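Okay, so here's the structure we're looking at.
The values are calculated or read from the model by the stated rules, or taken from the named source; none is laboratory data. Quick caveat, the model's predicted, so the values are computed rather than measured. Cβ coordinates were reconstructed from backbone atoms using ideal geometry, including for glycine residues, and neighbour counts include every protein chain displayed.
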Amino acid sequence: MKNDIEIYTLSTCPFCTKAKELLRDNYLDYTEHEISDNEMAMRKKLGELFHISGNVTVPQIVINNKHIGGYSDLKELFKSGKISQYLSS
């Protein structure tokens with residue numbers, strides 16, 4: 001079964017680049033949504049969508065319709081081995 005992974009990014013964001021590299025290094029395909037064209041509106045929309053109060057950072061990562069968070073959250077899931085709870089087998 002294919003995993004549905006979405007990542008919301010900015011082209012200038014180093015953490016977005018690291019998150020994409022981590023996914024690629026683990027052979028996980030993803031759909032990237034680059035938000036530069038409408039950044040402020042998209043940050044607001046992401047905040048509402050994921051119930052984030054305050055400043056919405058990128059990347060924002062969703063795996064199989066579950067909001068993971070940002071790069072640090074994704075990295076911790078891999079480090080702890082808990083990423084398997086989010087992936088389809």
With respect to Gly81, determine if the residue is among the small types (Gly, Ala, Ser), farther than 16 Å from Asp4 by Cβ, exposed (fewer than 14 other Cβ atoms within 10 Å of the Cβ) and modelled with pLDDT of 95 or more.
yes
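Being among the hydrophobic types (A, V, I, L, M, F, W, C) and touching a Phe, Trp or Tyr at 6+ places or on another chain (Cβ under 9 Å) is the filter; apply it to the stretch 23-36 and report the residue that is surrounded by the fewest Cβ atoms within 10 Å (Cβ to Cβ). Lay out the reasoning, then the answer.
So in the stretch 23-36, the residues among the hydrophobic types (A, V, I, L, M, F, W, C) come out as 23, 28, 35.
Next cut, touching a Phe, Trp or Tyr at 6+ places or on another chain (Cβ under 9 Å) only: 23, 35.
Details: Leu23: 20, Ile35: 23.
So, considering only residues that are among the hydrophobic types (A, V, I, L, M, F, W, C) and touching a Phe, Trp or Tyr at 6+ places or on another chain (Cβ under 9 Å), the one surrounded by the fewest Cβ atoms within 10 Å (Cβ to Cβ) is Leu23.
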Residues being touching a residue at least 24 places away in the same chain (Cβ under 8 Å), part of a helix (DSSP H, G or I) and among the aliphatic types (A, V, I, L, M): count how many of those fall in the stretch 34-43.
1
For the stretch 49-56, check the following and say yes or no: at least one residue is under 14 Å from the mean Cα position of the chain (by Cα), assigned to a loop (DSSP other than H, G, I, E, B), buried (at least 18 other Cβ atoms within 10 Å of the Cβ) and without any contact (Cβ under 8 Å) to a residue 40 or more places away in the chain.
yes
Out of Leu74, Leu46, which single residue is in a helix (DSSP H, G or I), touching a helix residue (DSSP H, G or I) at 6+ places or on another chain (Cβ under 8 Å), modelled with pLDDT of 95 or more and surrounded by 15 or more Cβ atoms within 10 Å (Cβ to Cβ)?
Leu74
Which of the residues spanning the stretch 57-69 are crowded, with 20+ Cβ neighbours inside 10 Å and not in a strand (DSSP E or B)?
Val58, Pro59
Of the criteria (1) in contact (Cβ under 8 Å) with a residue 40 or more places away in the chain; (2) of a type in the set (Lys, Arg); (3) within 12 Å of Asn3 (Cβ to Cβ), which one Lys66 fails
(1)
Taking the stretch 3-22 and the residues there that are outside any loop (DSSP other than H, G, I, E, B) and either in contact with a Lys or Arg (Cβ under 6 Å, 6 or more places away or on another chain) or without any contact (Cβ under 8 Å) to a residue 40 or more places away in the chain (or both), the one that is surrounded by the fewest Cβ atoms within 10 Å (Cβ to Cβ) would be Pro14
Hey, among the residues in the stretch 50-64 that are in contact with a Gly (Cβ under 7 Å, 6 or more places away or on another chain) and under 18 Å from Leu23 (Cβ atoms), which one's modelled with the lowest pLDDT?
Thr57
